[in-house]
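Read through the structure below, which is laid out as structure tokens, and then see the notes.
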Number of protein chains: 2
Amino acid sequence: MAQTGSYRAGGRASRIAARTASVPEINPCPPGQIGGRYRPLTSAAVKDITDTALRILGEIGMGEVPKAFQTLAVSKGAFLNDQARLCFSRQMMEDIIDGAAKRFVYFGRDPKHDFEIGGERVYFGSGGAAVQTLDLDTGIYRPSTLRDLADFTRLADTLENVSWFTRCCVATDIPDNFDLDVNTAYALLRGTMKPVGTSFMHGKHVGPIVDMFDIALGGEGKFAERPFCQVHISPVISPLRYGEDAFDVTTACIKRRVPINAVVAAQSGATAPATLAGMLAQTTAETLAALALVNLYEPGYPVIFSNWPLVIDLRTGAFCGGGGEISILNAAAAQISNHLGLPSGVASSMADAKAVDAQMGAEKAMSAVATGLAGANMIYESSGMMASLLGASFEAFILDNEMLSHVHRMIRGIEVTEETLGFEAIRATVTGEGHFLGSSHTIDAMQRDYFYPSIADRNEPRTWAEIGAPQAWSAARKKAASILASHHPDYLSSKADRVIRERYNILM
Amino acid sequence: MAQTGSYRAGGRASRIAARTASVPEINPCPPGQIGGRYRPLTSAAVKDITDTALRILGEIGMGEVPKAFQTLAVSKGAFLNDQARLCFSRQMMEDIIDGAAKRFVYFGRDPKHDFEIGGERVYFGSGGAAVQTLDLDTGIYRPSTLRDLADFTRLADTLENVSWFTRCCVATDIPDNFDLDVNTAYALLRGTMKPVGTSFMHGKHVGPIVDMFDIALGGEGKFAERPFCQVHISPVISPLRYGEDAFDVTTACIKRRVPINAVVAAQSGATAPATLAGMLAQTTAETLAALALVNLYEPGYPVIFSNWPLVIDLRTGAFCGGGGEISILNAAAAQISNHLGLPSGVASSMADAKAVDAQMGAEKAMSAVATGLAGANMIYESSGMMASLLGASFEAFILDNEMLSHVHRMIRGIEVTEETLGFEAIRATVTGEGHFLGSSHTIDAMQRDYFYPSIADRNEPRTWAEIGAPQAWSAARKKAASILASHHPDYLSSKADRVIRERYNILM
């Protein structure tokens, strides 16, 4: 029967007014949605790939093994094959996986930014080490500077879908490696209270920089209590070798409780097979080898299992970040990592585009949708990255943030309950007013279930032309400039800042 | 052991030369890939939604039923409820679904364009009735003309991922309805041999236009043998009413063997519930009501079950084609239709963007990926549509075509076999040359498994700047203009053309 009482009084104009006033404050699709409805691989395929990965580790093994680690690994059951490569039996590797951290909290300096990594919850964040920045004024790339890094950090501080901020560019204006690592960390400290990530050029840089974090937090050992910065490191060099430098950084990070994002970033057809299945088998083996390295030192140490299968373009041999192959490869990598129960890290939205254009939009969205729906826990590189990771862009950060809301909305999916199926609401409408506009059932749902973009232009063509036929690039540039002009956070106390400046060569 | 014999001789330069010469002629991801790895709904959710849809048809039923159809339906077991609405019992509707066409061929006038609709094979094509066209020269929208339609048709004729061409715009320069339908059909005949689609303003237009198709094919009754044109029609008006005009067109189409694309295009929160589950329940019921209409006249008649759940923006009440909600709704609609075993039609890539910009790229890609991975058979509106379906764009056709290759590549997925897992290739490389570049195993895979875009810019930033910092819009404009300047197909014999021009008021 008709429930006319549930409809608001008034005509079309008042309905529109009511709706417009009702655009929700609540985000219907915050980060942390539960993915996994997209399964690029069949269960049998996941098994074949993981079996092959374990066989690779058991028979082909790892080369260039740091001496200290080899001694440790062999003492724990690993063995050298007839080519003196370090091998792990299936049983040993399964034990390592069993003992590895399955879920852990990624801390912000402000607890409101904390989130748990693991399961099939999906978070997007940044990554990258762009040596060039798309200049906001000229629209052309130029070398990235410390100032850019500071600007990117405070911009990302305002963007809801950048769940953590990994330094996205390299301050190429700092020649000294130690100063570079220190000032990178300092820029992160100043610009955001979100969880952050960085890299260390040498193992010996880790201690002093964690000391700096301790100063920022107000005392020795504070960082280890709530480690808010993860290290991005590649302990494995494809194909199937350990790296001595990364090994040093890894052990130094374990000592100072820096969570480890263990990245394997092999390139198909160059450092891994061009066949997609072979690529995944090798990179899964390699990421397991990185996991083994950390876990043999300390079982259960927080490690993100970052299997990022990358792609090259046959025509040039150069890395390309956009396209169908890299999208399904990273989605499949997430599926495999989640199957193993490990915190999954992948990469998305690495546009090859240089311009903030339609190519960029499509390249970024395709891989973000694929990896997000596949349930990757930590999706790196998803914000701001351009030019096949060579460049970073302020405008891209703005547009990615809005695109990622749509992706989170997709991951959230469709709730099916008696209430949402709405049989009675349909009956009431059909036999009553004849349309759903303006009913409280509708208004409630549209506030609760729909994301309303703020940058996207939804005007009709005539209105769009009248306001100057704007493009997304210009809208994003305006928004980025406005945020950079107004958002000047300083998350370091003046006391901590003074102490840091006394001890370190701070260049900003 | 090392298989160095399988590697081509020479250094890096010769390897690059070999690769560049080796860019494949074969499309690694043609239309018709098998989707379904993305399941937006759980099985339980699919059952709840279809159960609710059947309950809606059994209890709430359909209003405004054309007299002739009501008589027929009641004679076949339908009944009127206490509000005189036409209801179908669950058993009756299940019988109709059982008897409905599950797979049928969509014919081109050239058999090379034929393809089978059904299962989980995915094809993208056009749709729409844009009243405005994005002018190639001015970059602003203006009213669409017959000339535009002819141009879009011959452009689409060259685009591999437009598997069929539904007239994407309305020739607003033709005031007479009959002349409009005739000239629309004529433009399709002239410009492409692919399967096509159109609409008919009145049932009485169907006969003369199919006569014209017969003339084009060389004789009376030829169209019925290989019907190459489907009608886009909405026999149901949301919520839950039949439409008298569409009913007339539908019966006229059945008489002349025009395959029917039965489109339900309800808008969430306006003509259907705003809750996503309720929306799908109602639109599934409505599409089943449309299926019943055709199948009660002729069981097994070719019908595409086109459940296109559309979305409005709460702030304006206007339709919006981009975003997360519309992407998952259409993916879910495909999943439900495929579950019912019916040829599924949905819509994707309906950008709200007016400009050929980053917003367009992201909006189009998100929904194309979602619906494609979900396994929709016929994905309408996927090419060229802009401005929330108000506009069509030549440049968008070009860029969509390339984006859809990436999507087809994603749908194709990852083949896992002993060969593709490549254990021996990995062993040979690791213990041999140390990289995979240049091996025949690699070259073969990169030719077979990777899509190489032709419009996308994959240059490094400096090269990009040196060539003038181009954007995708300009690249696409150039390509569209070049095709339109050179591709002038005329797929009508001069004899047929003469006969048609004698009988019909052809305006081009």
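The values are calculated or read from the model by the stated rules, or taken from the named source; none is laboratory data. All values reported here derive from a predicted model rather than from experimental measurement. A quick note on method: Cβ atoms are made from the backbone with ideal geometry, for glycine too, and the neighbour counts reach across all protein chains shown.
Residue-wise test of (1) acidic (D, E); (2) modelled with pLDDT of 95 or more; (3) touching a strand residue (DSSP E or B) at 6+ places or on another chain (Cβ under 6 Å).
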position: A:Q230; (1), (2), (3): no, yes, yes
position: A:C253; (1), (2), (3): no, yes, yes
position: A:V264; (1), (2), (3): no, yes, yes
position: A:E286; (1), (2), (3): yes, yes, yes
position: A:G300; (1), (2), (3): no, yes, no
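Take B:G278 and tell me if it is at positive phi and either in a helix (DSSP H, G or I) or not basic (K, R) (or both). I'd like the intermediate steps shown before the answer.
Values: at positive phi: no; either in a helix (DSSP H, G or I) or not basic (K, R) (or both): yes.
So B:G278 does not fit the description; no.
Would you mind stating whether A:A333 is more than 10 Å from every other protein chain (Cβ to nearest Cβ) and either under 27 Å from A:R37 (Cβ atoms) or touching a Lys or Arg at 6+ places or on another chain (Cβ under 7 Å) (or both)? Break it down stepwise before answering.
On the way: more than 10 Å from every other protein chain (Cβ to nearest Cβ): yes; either under 27 Å from A:R37 (Cβ atoms) or touching a Lys or Arg at 6+ places or on another chain (Cβ under 7 Å) (or both): yes.
Yes, satisfied.
Could you tell me how many of the residues in segment B:109-134 are part of a loop (DSSP other than H, G, I, E, B) and over 15 Å from the mean Cα position of the chain (by Cα)?
Taking segment B:109-134 first, the residues part of a loop (DSSP other than H, G, I, E, B) are B:109-110, B:114, B:118-120, B:125-129, B:131.
From what's left, over 15 Å from the mean Cα position of the chain (by Cα): B:109-110, B:119, B:131.
Going through segment B:109-134 one residue at a time, the tally reaches 4.
How many residues are of a type in the set (S, T, Y), without any contact (Cβ under 8 Å) to a residue 60 or more places away in the chain and outside any helix (DSSP H, G or I) if we restrict to segment A:182-206?
Going residue by residue through segment A:182-206, those that are of a type in the set (S, T, Y) are A:184, A:186, A:192, A:198-199.
Next, only the ones that are without any contact (Cβ under 8 Å) to a residue 60 or more places away in the chain stay: A:184, A:198.
Checking which are outside any helix (DSSP H, G or I) leaves us with A:198.
Residues meeting the conditions: 1.
Would you be able to say whether some residue in segment B:269-276 is at pLDDT 95 or above, in contact with an Asp or Glu (Cβ under 7 Å, 6 or more places away or on another chain), away from chain A (no Cβ under 14 Å) and farther than 17 Å from B:Y380 by Cβ?
Among the residues of segment B:269-276, not one is at pLDDT 95 or above, in contact with an Asp or Glu (Cβ under 7 Å, 6 or more places away or on another chain), away from chain A (no Cβ under 14 Å) and farther than 17 Å from B:Y380 by Cβ, which makes the answer no.
Please tell me if B:I426 is free of Cβ contacts under 8 Å to residues at least 60 places away in the same chain and at the interface with another protein chain (Cβ under 8 Å from one of its Cβ atoms). Break it down into steps so the answer makes sense when it comes.
Numbers: free of Cβ contacts under 8 Å to residues at least 60 places away in the same chain: yes; at the interface with another protein chain (Cβ under 8 Å from one of its Cβ atoms): yes.
Criteria met by B:I426.
Any idea which of (1) outside any loop (DSSP other than H, G, I, E, B); (2) touching a residue at least 40 places away in the same chain (Cβ under 8 Å); (3) within 22 Å of B:G432 (Cβ to Cβ) is the one A:E59 doesn't satisfy?
Just one mismatch for A:E59, condition (2).
Tell me whether segment A:315-325 contains one or more residues that are away from every other protein chain (no Cβ under 14 Å), surrounded by fewer than 24 Cβ atoms within 10 Å (Cβ to Cβ) and either in a loop (DSSP other than H, G, I, E, B) or not hydrophobic (A, V, I, L, M, F, W, C) (or both). Outline the logic, then answer.
Step one: list which residues in segment A:315-325 are away from every other protein chain (no Cβ under 14 Å), which gives none.
No: segment A:315-325 contains no residue that is away from every other protein chain (no Cβ under 14 Å), surrounded by fewer than 24 Cβ atoms within 10 Å (Cβ to Cβ) and either in a loop (DSSP other than H, G, I, E, B) or not hydrophobic (A, V, I, L, M, F, W, C) (or both).
Restricting to segment A:410-419, and then to whatever is surrounded by fewer than 24 Cβ atoms within 10 Å (Cβ to Cβ) and out of contact with any strand residue (DSSP E or B) (no Cβ under 6 Å at 6 or more places or on another chain), can you tell me which residue is nearest to the other protein chains (Cβ to nearest Cβ)?
Of everything passing the filter in segment A:410-419, A:I414 is nearest to the other protein chains (Cβ to nearest Cβ).
How many residues, within segment B:430-480, are part of a helix (DSSP H, G or I) and either within 7 Å of chain A (Cβ to nearest Cβ) or over 22 Å from B:A355 (Cα atoms) (or both)? Steps first, answer last, please.
In the first step, residues of segment B:430-480 are kept if they are part of a helix (DSSP H, G or I); the result is B:430, B:440-449, B:461-466, B:472-480.
Imposing the further condition that a residue be either within 7 Å of chain A (Cβ to nearest Cβ) or over 22 Å from B:A355 (Cα atoms) (or both) reduces the set to B:430, B:440-449, B:461-466, B:472-473.
Looking only at that region, the number is 19.
For residues in segment B:212-221 being under 21 Å from B:N505 (Cβ atoms) and without any contact (Cβ under 8 Å) to a residue 40 or more places away in the chain, which is farthest from the chain's Cα centre (by Cα)?
Residue satisfying both the conditions and the ranking: B:D214.
How many of the residues making up segment B:238-263 are within 21 Å of the chain's Cα centre (by Cα) and within 14 Å of another protein chain (Cβ to nearest Cβ)?
Going through segment B:238-263 one residue at a time, the tally reaches 0.
Looking at segment B:336-353, which of its residues are of a type outside the set (A, V, I, L, M), farther than 16 Å from A:V369 by Cβ, more than 7 Å from chain A (Cβ to nearest Cβ) and in a loop (DSSP other than H, G, I, E, B)? Before the answer, list the steps.
Pass one, segment B:336-353, residues of a type outside the set (A, V, I, L, M): B:337-339, B:341, B:343-345, B:348-349, B:352.
So of that shortlist, the ones also farther than 16 Å from A:V369 by Cβ come out as B:337-339, B:341, B:343-345, B:352.
Those left that are additionally more than 7 Å from chain A (Cβ to nearest Cβ): B:337-339, B:341, B:343-345.
Within segment B:336-353, B:G341, B:P343 qualify.
Tally time: how many residues in segment A:370-394 are of a type outside the set (S, T, Y), more than 14 Å from A:R121 (Cβ to Cβ), within 14 Å of the chain's Cα centre (by Cα) and not in a helix (DSSP H, G or I)?
Of the residues in that region, 3 qualify.
Identify the residue in segment A:334-384 that is of a type in the set (D, E, K, R) and out of contact with any Cys (no Cβ under 7 Å at 6 or more places or on another chain) and, among all such residues, is farthest from A:A475 (Cα to Cα). Walk me through it before giving the result.
Of the residues in segment A:334-384, the ones of a type in the set (D, E, K, R) are A:352, A:354, A:357, A:363-364, A:381.
Within this subset, residues satisfying the condition of being out of contact with any Cys (no Cβ under 7 Å at 6 or more places or on another chain) are A:354, A:357, A:363-364, A:381.
Details: A:K354: 17, A:D357: 12, A:E363: 19, A:K364: 18, A:E381: 22 Å.
In this case the residue turns out to be A:E381.
Kindly check whether there is at least one residue in segment B:454-468 that is touching a residue at least 12 places away in the same chain (Cβ under 8 Å) and within 30 Å of B:A428 (Cα to Cα). Talk me through it step by step, then tell me what you get.
Filtering segment B:454-468 for residues touching a residue at least 12 places away in the same chain (Cβ under 8 Å) gives B:454-457.
Checking which are within 30 Å of B:A428 (Cα to Cα) leaves us with none.
Within segment B:454-468, not a single residue is touching a residue at least 12 places away in the same chain (Cβ under 8 Å) and within 30 Å of B:A428 (Cα to Cα).
Mind listing just one residue for me: the one in segment A:358-392 that is more than 18 Å from A:G197 (Cα to Cα) and of a type in the set (S, T, Y) and, of those, surrounded by the most Cβ atoms within 10 Å (Cβ to Cβ)?
Selected residue: A:T371.
Which one is farthest from A:E381 (Cα to Cα), of the residues in segment A:119-149 that are of a type in the set (G, A, S) and crowded, with 19+ Cβ neighbours inside 10 Å? Steps first, please.
The initial filter retains those residues of segment A:119-149 that are of a type in the set (G, A, S), namely A:119, A:125-130, A:139, A:144.
Narrowing the set further to residues that are crowded, with 19+ Cβ neighbours inside 10 Å leaves A:125-128, A:130, A:144.
Numbers: A:G125: 7, A:S126: 5, A:G127: 4, A:G128: 6, A:A130: 10, A:S144: 17 Å.
For segment A:119-149, the residue satisfying everything is A:S144.
Does segment A:161-179 include one or more residues that are among the basic types (K, R) and in a helix (DSSP H, G or I)? Before the answer, list the steps.
Restricting attention to segment A:161-179, the residues satisfying the condition of being among the basic types (K, R) are A:167.
Going one step further and asking which of them are in a helix (DSSP H, G or I), we end up with none.
Checking segment A:161-179: not a single residue is among the basic types (K, R) and in a helix (DSSP H, G or I).
If only one of A:T287, A:T283 is in contact (Cβ under 8 Å) with a residue 24 or more places away in the chain, among the hydroxyl-bearing types (S, T, Y), more than 11 Å from chain B (Cβ to nearest Cβ) and not in a loop (DSSP other than H, G, I, E, B), which one is it? Full working, then the answer.
Numbers: A:T283 fails: more than 11 Å from chain B (Cβ to nearest Cβ).
A:T287 is the lone residue from the list that is in contact (Cβ under 8 Å) with a residue 24 or more places away in the chain, among the hydroxyl-bearing types (S, T, Y), more than 11 Å from chain B (Cβ to nearest Cβ) and not in a loop (DSSP other than H, G, I, E, B).
Of B:R501, B:R448, B:R458, which residue is surrounded by fewer than 15 Cβ atoms within 10 Å (Cβ to Cβ) and either in contact with a strand residue (DSSP E or B) (Cβ under 8 Å, 6 or more places away or on another chain) or within 20 Å of A:A266 (Cβ to Cβ) (or both)? First the steps, then the outcome.
Values: B:R501 fails: either in contact with a strand residue (DSSP E or B) (Cβ under 8 Å, 6 or more places away or on another chain) or within 20 Å of A:A266 (Cβ to Cβ) (or both); B:R458 fails: surrounded by fewer than 15 Cβ atoms within 10 Å (Cβ to Cβ).
Exactly one of B:R501, B:R448, B:R458 is surrounded by fewer than 15 Cβ atoms within 10 Å (Cβ to Cβ) and either in contact with a strand residue (DSSP E or B) (Cβ under 8 Å, 6 or more places away or on another chain) or within 20 Å of A:A266 (Cβ to Cβ) (or both), namely B:R448.
Exactly one of these conditions fails for A:D137: (1) within 14 Å of chain B (Cβ to nearest Cβ); (2) outside any loop (DSSP other than H, G, I, E, B); (3) acidic (D, E). Give me its number.
(2)
Which numbered condition in (1) of a type in the set (F, W, Y); (2) in a helix (DSSP H, G or I); (3) facing chain A (nearest Cβ under 7 Å) is the only one that B:F397 fails?
It fails just one condition, (3).
Just need a number here: residues in segment B:248-275 that are β-branched (V, I, T) and assigned to a strand (DSSP E or B).
To start, the set of residues in segment B:248-275 that are β-branched (V, I, T) comprises B:249-251, B:254, B:258, B:260, B:263-264, B:271, B:275.
Imposing the further condition that a residue be assigned to a strand (DSSP E or B) reduces the set to B:260, B:263-264.
Final tally of qualifying residues: 3.
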